């Protein structure tokens with residue numbers, strides 16, 4: 001009975017972590033593009049992004065802790081802390097470890113942003129574009145529900161949300177570039193003094 005409870009908890013926490021990490025990526029893009037609507041100021045995007053990020057860490061910690069404590073997999077702390085060291089689903093669990101370390105680096109530099117400075121913080125924050133797909137692949141490779149239709153739909157929805165957000169960001173960047181270029185004088189045109 002206890003083993004099945006641990007299995008359900010680690011599975012549920014892993015799935016919740018993926019959903020929230022997807023939300024964090026989308027909210028990060030919404031914040032970076034500086035989207036806002038009447039009645040929804042921009043600072044709420046940043047606060048929501050930060051809050052969901054920290055909540056994701058809580059569920060990720062539960063996922064890892066329960067997976068380590070679950071006697072069925074007998075992972076142990078070494079497997080949780082050292083990527084690719086577990087004999088149990090070595091590659092898939094290793095990818096989960098890599099994603100975790102990337103996420104921890106992103107969160108730590110965000111919390112200590114004044115120490116690292118904006119440039120270093122921004123460079124590390126770009127790791128999100130690596131952490132999210134690695135976490136997704138970890139779930140697909142090691143998840144016990146990977147073959148279930150509902151999990152396929154959930155994974156597809158997460159992929160669609162992130163791809164749509166990235167496309168929206170790329171389009172917004174293109175529009176900003178066109179706006180900037182149209183504001184500049186054309187070549188050969190004299191700028192009045």
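Consider residue 50 carefully, then state whether it is at pLDDT below 85, surrounded by fewer than 19 Cβ atoms within 10 Å (Cβ to Cβ), out of contact with any helix residue (DSSP H, G or I) (no Cβ under 7 Å at 6 or more places or on another chain) and over 18 Å from residue 137 (Cβ atoms). For residue 50, the condition - at pLDDT below 85, surrounded by fewer than 19 Cβ atoms within 10 Å (Cβ to Cβ), out of contact with any helix residue (DSSP H, G or I) (no Cβ under 7 Å at 6 or more places or on another chain) and over 18 Å from residue 137 (Cβ atoms) - is not met.
Does at least one position in segment 22-44 carry a residue that is within 18 Å of residue 137 (Cβ to Cβ) and modelled with pLDDT of 95 or more?
Yes.
Taking segment 66-82, which residues are within 15 Å of residue 101 (Cα to Cα) and surrounded by 14 or more Cβ atoms within 10 Å (Cβ to Cβ)? Scanning segment 66-82 gives 79, 80.
Filter segment 139-153 for residues that are out of contact with any helix residue (DSSP H, G or I) (no Cβ under 6 Å at 6 or more places or on another chain) and in a helix (DSSP H, G or I); which is farthest from residue 21 (Cα to Cα)? Looking at residues that are out of contact with any helix residue (DSSP H, G or I) (no Cβ under 6 Å at 6 or more places or on another chain) and in a helix (DSSP H, G or I), I get 149.
So, residue 114, is that one farther than 21 Å from residue 133 by Cα and either surrounded by 14 or more Cβ atoms within 10 Å (Cβ to Cβ) or over 19 Å from the mean Cα position of the chain (by Cα) (or both) or not?
Details: farther than 21 Å from residue 133 by Cα: yes; either surrounded by 14 or more Cβ atoms within 10 Å (Cβ to Cβ) or over 19 Å from the mean Cα position of the chain (by Cα) (or both): yes.
Yes; evaluated as a whole, the condition is true for this residue.
Applying a threshold of 9 Å to beta carbon distances and a minimum spacing of six or more residues, or different chains, the list of pairs starting in segment 41-55 at a residue that is on the phi > 0 side of the Ramachandran plot and ending at one that is modelled with pLDDT of 75 or more and exposed (fewer than 13 other Cβ atoms within 10 Å of the Cβ) is empty.
To keep it simple, each residue is scored yes or no on (1) closer than 25 Å to residue 102 by Cα; (2) at pLDDT below 90; (3) surrounded by 11 or more Cβ atoms within 10 Å (Cβ to Cβ); (4) over 15 Å from the mean Cα position of the chain (by Cα).
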{"site": "138", "(1), (2), (3), (4)": "yes, no, yes, no"}
{"site": "141", "(1), (2), (3), (4)": "yes, no, yes, yes"}
{"site": "149", "(1), (2), (3), (4)": "no, no, no, yes"}
{"site": "159", "(1), (2), (3), (4)": "yes, no, yes, no"}
{"site": "164", "(1), (2), (3), (4)": "yes, no, yes, no"}
{"site": "172", "(1), (2), (3), (4)": "no, yes, yes, yes"}
{"site": "178", "(1), (2), (3), (4)": "no, yes, no, yes"}
{"site": "189", "(1), (2), (3), (4)": "no, yes, no, yes"}
{"site": "192", "(1), (2), (3), (4)": "no, yes, no, yes"}
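If the condition is being within 22 Å of residue 27 (Cβ to Cβ) and either touching a residue at least 24 places away in the same chain (Cβ under 8 Å) or out of contact with any helix residue (DSSP H, G or I) (no Cβ under 9 Å at 6 or more places or on another chain) (or both), then segment 59-103 contributes 59, 60, 62, 63, 99, 100, 102, 103. So, in segment 45-67, how many residues would count as being within 12 Å of residue 9 (Cα to Cα) and more than 14 Å from the chain's Cα centre (by Cα)? So the count comes out to 7.
The values are calculated or read from the model by the stated rules, or taken from the named source; none is laboratory data. Small disclaimer: the values here were computed from a predicted structure and weren't measured. Ideal geometry is used to build each Cβ from the backbone, glycine not excepted, and the neighbour counts take in all protein chains shown.
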